[in-house]
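Report on the following structure.
The values are calculated or read from the model by the stated rules, or taken from the named source; none is laboratory data. Since this is a predicted model, take the numbers as computed values, not measurements. Note that we place each Cβ from the backbone using ideal geometry, even for glycine, and neighbour counts take in every protein chain shown.
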Amino acid sequence: MKESRLFHPSSRPAGHGITIGTPRMYDLSANLLFFGTRRRTYRTLLEAARVKPDDHTLDIGCGPGYLTRMLADAVGPAGSAIGIDAAPEMIEYARRKAGRLPNCRFEAGTAESLPCADGSLDVVISSLMMHHLPEEIRLRAVGEMKRVLRSAGTLLLADFTIPKQGVWHLVGLLHRPREMMHRISPLEPLITEAGFTDVRSGEAPPWLHYVRATKP
């Protein structure tokens, strides 16, 4: 993979939306929030996105890079996993955590102005990021995701939900996901309006609802 194909050197974060600049605390909080199921939850997302060896992939709002590193492992040495986040602290931390993984890299950027070339990616994933964006730029962000995907490429967006029943429902009513739900808009209409097709949705327990779609 040539860097010039995926990155525009002049691209820089635009500074819209909420950023999180405490990567160590974020990692710790995420582990606690998922009660030890974080890896299993994200594996469900990778399976839903149909990530396969040799794919070129992008993780938007990558934070400390946990999901990006899983992507790198899933696509193998001939594929690539790129993590993008608007917070420089997250990018620095993610790079350290990734070490010398040859197919995994991190770049500063924002969802509404991705530093990637048109049609350069097979899969774009974003988890727990959309609720940080102001509503007026969410459609523009999804349009950017469509731009960087190749024809027939896959988009998968995931955000918080509270299970409708069972023990996780009770925990969700008392815990942080309930607060997040007040900032989350339905993902399906947004993706459809952006022009994606074959829109499907599902759950990645305990807290995530995902929507998968295809670029025509």
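Here are some residues: Ala14, Ala78, Ala86. Which one is modelled with pLDDT under 95, under 24 Å from Leu121 (Cα atoms) and surrounded by fewer than 18 Cβ atoms within 10 Å (Cβ to Cβ)? Exactly one of Ala14, Ala78, Ala86 is modelled with pLDDT under 95, under 24 Å from Leu121 (Cα atoms) and surrounded by fewer than 18 Cβ atoms within 10 Å (Cβ to Cβ), namely Ala14.
Name every residue in the range 192-213 that is more than 22 Å from Ala30 (Cβ to Cβ) and touching a Gly at 6+ places or on another chain (Cβ under 6 Å), in order of residue number. Scanning the range 192-213 gives a single hit, Ala194. Within the range 133-162, residues that are in a helix (DSSP H, G or I) have Cβ atoms under 8 Å from residues that are of a type in the set (Lys, Arg) in these pairs: Lys146/Lys215, counting only partners at least 6 apart in sequence or on another chain. Note on the range 25-73: among residues that are part of a helix (DSSP H, G or I) and small (Gly, Ala, Ser), the one that is surrounded by the fewest Cβ atoms within 10 Å (Cβ to Cβ) is Ser29. Exactly one residue out of Arg178, Arg183 is under 21 Å from Gly36 (Cβ atoms), out of contact with any strand residue (DSSP E or B) (no Cβ under 8 Å at 6 or more places or on another chain) and either at pLDDT below 55 or not in a helix (DSSP H, G or I) (or both), and it is Arg178. Here Asn103 meets each of (1) among the polar types (S, T, N, Q); (2) out of contact with any helix residue (DSSP H, G or I) (no Cβ under 6 Å at 6 or more places or on another chain); (3) surrounded by fewer than 22 Cβ atoms within 10 Å (Cβ to Cβ) with one exception, condition (2). Only a single item in (1) within 19 Å of Ala30 (Cα to Cα); (2) in contact with a His (Cβ under 8 Å, 6 or more places away or on another chain) is not met by Ala117, and it is number (1). Take Glu107 and decide whether it is farther than 23 Å from Arg212 by Cβ, charged (D, E, K, R), in a strand (DSSP E or B) and at pLDDT 95 or above. So Glu107 fits the description; yes.
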